[in-house]
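Asker: Sharing a structure, written as structure tokens. Questions coming.
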Amino acid sequence: MSGFTAFFKKEIVEYLRSYKALILLCVFIIFGMMSPLLAKMMPDILSHQAINGITLNIPKPTFYDSFGQFFKNLSQMGMAVLLLIFGGVLSQDLSKGTLIMLLAKGLSRHAVILAKFAAALILWTASYAFAVMIQWGYTLYLFDKLPVPHLFFSLFCLWLFGIFILTILLMSSTLVGGAYSGLFLTTAALGALIVCQFIPGTDRFSPLALASDNAGLMTGAANLHHAVTAVWITVILIVSALAVSLVVFKKKSI
Amino acid sequence: MTQISDLLPLLIPIIVLELILVITALIHIFRHKTYRFGNRVLWVVLVLCFQLIGPVVYFIFGRGDD
């Protein structure tokens, strides 16, 4: 495990210098601010587009709608941005050959994977935490507080789904070469998961449930028990994806 | 019925953040001559026309190596 701290610091500096940290923070903070506002303004926006003869009766937006909007934004656009930012997480170092020198100087290969994972995890957690805090503040200011069961659990689910994406990206980058193939493989894997959702009975086990049932968990529309199953399955997948990356990268010729 | 003007103080931070992204991207575009693909005009148009997505795509795909 030699060189973990040094490589970890190098990763963080690289995220800062390549503007990736800035983008991720800005985008997630914007989502955190935008979602409550969008929820608040939705009736006005829709009423301006009233088709003649049809009156749209939109119920007054509530606390739930604000978080519903937040989960919708983050599980779609947020995850897309996450994929783009971390798409080249290992593959770009491999395709540019920047790792060869470091590995030759005695940096352990396990340290590379773990440091990359740790840096990505910290960046994702920080941006997500900012988004959630701002979302919370704006929502409290704009809406009356309602008792929200499982709100924290819903937020946790989306966070875990983000980690799931990060580890799958890391694993795909060790499995295939090329600057963007890790990104493509991960997108393909997510596409396969979406297709699998059409098979009845499988959706309760799919990690995708963590990103799609968040709003439902708050209102009680989604089954909490199923979500807990999905959480455990995702945790197992995350750990095994990390283990696969460690093993494959150890044997990979660079 | 909420007036847009009531929410304006809350909208300003969003606009400021989006401007930060756009301006950082524009500064980077004008300071560099080579991009991974595309040319200067393409990236300026992309960054200005697509809020949020434009700067993200530029920094991920368009930014050449320093």
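The values are calculated or read from the model by the stated rules, or taken from the named source; none is laboratory data. Everything numeric here is computed off the predicted structure, so don't read it as measured data. Reconstructed Cβ throughout: ideal geometry from the backbone, glycine too, with neighbour counts over all protein chains shown. Note: areas computed on protein heavy atoms with side chains; ligands, DNA, RNA excluded. Shrake-Rupley method; radii C 1.70, N 1.55, O 1.52, S 1.80 Å.
Asker: Residue check, A:K10 against (1) closer than 19 Å to A:T125 by Cα; (2) at pLDDT below 90, all met but one. Which one?
Answerer: Going through the list (1) closer than 19 Å to A:T125 by Cα; (2) at pLDDT below 90, A:K10 breaks only (2).
Asker: Given (1) open to solvent by 10 Å² or more (accessible area, probe 1.4 Å); (2) within 17 Å of the chain's Cα centre (by Cα); (3) over 29 Å from A:L99 (Cβ atoms), identify the lone condition not met by A:V239.
Answerer: (3)
Asker: Determine if region A:4-23 includes at least one residue that is assigned to a loop (DSSP other than H, G, I, E, B) and over 30 Å from A:P147 (Cβ atoms).
Answerer: Checked region A:4-23: at least one residue is assigned to a loop (DSSP other than H, G, I, E, B) and over 30 Å from A:P147 (Cβ atoms).
Asker: For region A:134-147, indicate whether the set of residues that are of a type in the set (G, A, S) and touching a residue at least 24 places away in the same chain (Cβ under 8 Å) is non-empty.
Answerer: Looking through region A:134-147, none of the residues is of a type in the set (G, A, S) and touching a residue at least 24 places away in the same chain (Cβ under 8 Å).
Asker: For a quick check of your reading: which helices (runs of 4 or more DSSP H) sit entirely within region A:144-215 and have at least 3 residues that are among the acidic types (D, E)?
Answerer: Here the list is empty.
Asker: Can you pull out every residue in region A:190-202 that is open to solvent by 70 Å² or more (accessible area, probe 1.4 Å) and either polar (S, T, N, Q) or in contact (Cβ under 8 Å) with a residue 12 or more places away in the chain (or both)?
Answerer: A:I194
Asker: In addition: Provide a single number: the residues in region B:3-46 that are within 27 Å of A:M42 (Cα to Cα) and either in contact with a Leu (Cβ under 9 Å, 6 or more places away or on another chain) or assigned to a helix (DSSP H, G or I) (or both).
Answerer: So the answer is 19.
Asker: Of (1) of a type outside the set (D, E); (2) within 22 Å of the chain's Cα centre (by Cα); (3) facing chain B (nearest Cβ under 8 Å), A:K40 satisfies all except one. Which?
Answerer: Failed condition: (2).
Asker: Going through region A:174-189 one residue at a time, which ones are open to solvent by less than 30 Å² (accessible area, probe 1.4 Å) and either of a type in the set (V, I, T) or without any contact (Cβ under 8 Å) to a residue 12 or more places away in the chain (or both)?
Answerer: Across region A:174-189, the qualifying residues are A:T174, A:T186.
Asker: All but one of (1) of a type in the set (V, I, T); (2) within 14 Å of chain B (Cβ to nearest Cβ); (3) in a helix (DSSP H, G or I) hold for A:I58, so report the exception by its number.
Answerer: Only one criterion in (1) of a type in the set (V, I, T); (2) within 14 Å of chain B (Cβ to nearest Cβ); (3) in a helix (DSSP H, G or I) is unmet by A:I58, namely (3).
Matching residues to (1) within 26 Å of A:G191 (Cβ to Cβ); (2) away from chain B (no Cβ under 14 Å):
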| position | (1), (2) |
| --- | --- |
| A:G68 | yes, yes |
| A:M77 | yes, no |
| A:L83 | yes, no |
| A:F117 | yes, yes |
| A:W124 | yes, yes |
| A:F153 | no, yes |
| A:G177 | yes, yes |
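Asker: Another one. Go through region A:1-29 and report how many residues are surrounded by fewer than 20 Cβ atoms within 10 Å (Cβ to Cβ) and within 13 Å of A:L107 (Cα to Cα).
Answerer: Number satisfying all stated conditions: 8.
Asker: What's the number of the only condition in (1) surrounded by 21 or more Cβ atoms within 10 Å (Cβ to Cβ); (2) part of a helix (DSSP H, G or I) that A:L246 fails to meet?
Answerer: It is condition (1) that A:L246 fails.
Asker: Has region B:10-33 got any residue that is more than 7 Å from chain A (Cβ to nearest Cβ), open to solvent by less than 90 Å² (accessible area, probe 1.4 Å) and aromatic (F, W, Y)?
Answerer: no
Asker: So A:L217 ticks every box in (1) under 17 Å from the mean Cα position of the chain (by Cα); (2) open to solvent by less than 20 Å² (accessible area, probe 1.4 Å) but one. Which box is left unticked?
Answerer: Answer for A:L217: the failing condition is (1).
Asker: Hey, another quick one. Kindly list the number of the only condition in (1) modelled with pLDDT under 85; (2) open to solvent by less than 30 Å² (accessible area, probe 1.4 Å); (3) at the interface with chain A (Cβ under 10 Å from one of its Cβ atoms) that fails for B:I4.
Answerer: The one condition B:I4 does not meet is (2).
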